[in-house]
Amino acid sequence: MELARKELGGEALLINARPSAPETRYLGAYEVVFGLVPAEQATVPPPATGEEAFRAELSELRRQMDRLTLTRADSPAGPQSGPAPPDELHPSLTEKLAQGTRLDQLFRTAPGIGRQVALVGPPGSGKTSTLVKLAARYGVARRRTTQILTADVNRIAAADQLRTLAAILGIPCEVTDTPLVLSHQLELFRSKELVLIDTPGFGFREMEDASELAVFLATQPEMETHLVLSASMKPSDMGRVVDSYAIFRPSKLIFTHVDETARYGALISEASRQDLPISFLCTGQRIPDDLEEATVHRLTDLVLGGDFELRPMLRKGAAA
Ligand SMILES: Nc1nc2c(ncn2[C@@H]2O[C@H](COP(=O)(O)OP(=O)(O)O)[C@@H](O)[C@H]2O)c(=O)[nH]1
Ligand SMILES: [Mg+2]
């Protein structure tokens, strides 16, 4: 970025970055394309020093990320159209609330990530974008040595998309097409302070294809697997997805698309039913801004904000 700004001026924008082809690698590890936007649109801050420079660099990265649109063509959990379906708490939860249990006692949160993290979940739930958010927040911002691995070789261009995003962050990204390769890579990168693994999204009818990867991840002692779910899913669909992903033995839940719904009953129901803590909430597409560490306070606030019928139940529980 520094060189580009020297040559092209403060408005230089990173348009593309990818690992160099073997024949041009002697020139450098990455091939980058810079461009200029008209002066009135340019918002690149003036060069700064120290902390300020680091922040400017981060916000520049963020701006670059925003320009890259991730595909969501295969998303069964896309934005809601039409009126929201009626909210539906799992009957056992409704019963507990009626008996006086407080809403905030029905679920747990466990924000943060371990050293080896895999994100699993249905297609379009937000695994790849969440992984990049985590890489920026827990890798780049904390200056940890980070490695991204992607097992998503099923979808055309999925790995390229992640590679591009990773290159912008300056994080190496390797494709891993079988659990055997993945196991070699985990060994190879065992000195990295953070290893993030992206996985393909498996639909209901594809869960059989998931079993080899699921067994591998579930039996890695150090692996922390987060199940990524769209908060805007219908409660019954979410329940089915969570049940089918049990083969991965996820230890935490991440809810994405929190900005696209006002109904959070399904989210709380599943967290409670599975007794799995919620680690993060994703509230939009911006990388890495739209990632929040889950807290009980924030979640109860969400539920009460969107679902007024629950208010008396919470009060009743609180009084009890
Ligand atoms: N509005 C909104 N969009 C999101 C959120 N998380 C991901 N997306 C978008 O959902 C689409 C699918 O995300 P992606 O990460 O590719 O899903 P994957 O198939 O599970 O890897 C992309 O367009 C993302 O930008 C979120 O929290 N809110
Ligand atoms: Mg993906």
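Just so it is clear, none of the values below were taken in a lab; they were calculated from the coordinates. The structure presented is a predicted model; accordingly, all values stated were derived computationally and were not measured. Here the Cβ positions follow ideal geometry from the backbone for every residue, glycine too, while neighbour counts run over all protein chains shown.
The alpha carbon centroids of segment 118-186 and segment 225-241 are separated by 21 Å. The slack in the chain from His184 to Ala141, taken as 0.36 nm per residue of separation less the alpha-carbon distance, amounts to 12.7 nm. Taking the average, over residues, of other Cβ atoms within 10 Å as the packing measure, peptides 113-119, 204-210, 131-137 rank 131-137, 113-119, 204-210 from highest down.
Extending 7 Å from Cα along the Cβ direction at Arg115 and again at Ser236 yields two label points whose distance is 4.6 nm.
Cβ-to-Cβ counts within 10 Å put Ser272, Ser230, Ser236, Ser191 in ascending order as Ser191, Ser236, Ser272, Ser230, the fewest first. Peptides 214-223, 273-282 ranked from most to least packed give 273-282, 214-223, packing being the mean of other C-beta atoms within 10 angstrom over each peptide's residues. A simple charge model with +1 on the Cβ of Lys and Arg, -1 on the Cβ of Asp and Glu and nothing else charged puts the dipole of segment 91-319 at about 680 debye relative to its Cα centre.
The simple Förster model, with R0 at 22 Å and r as the Cβ-Cβ distance, assigns Ser244 and Asp177 a FRET efficiency of 0.45. With the simple spin-label model, which puts each label point 7 Å out from Cα in the Cβ direction, the Arg286 to Met207 separation comes to 3.7 nm.
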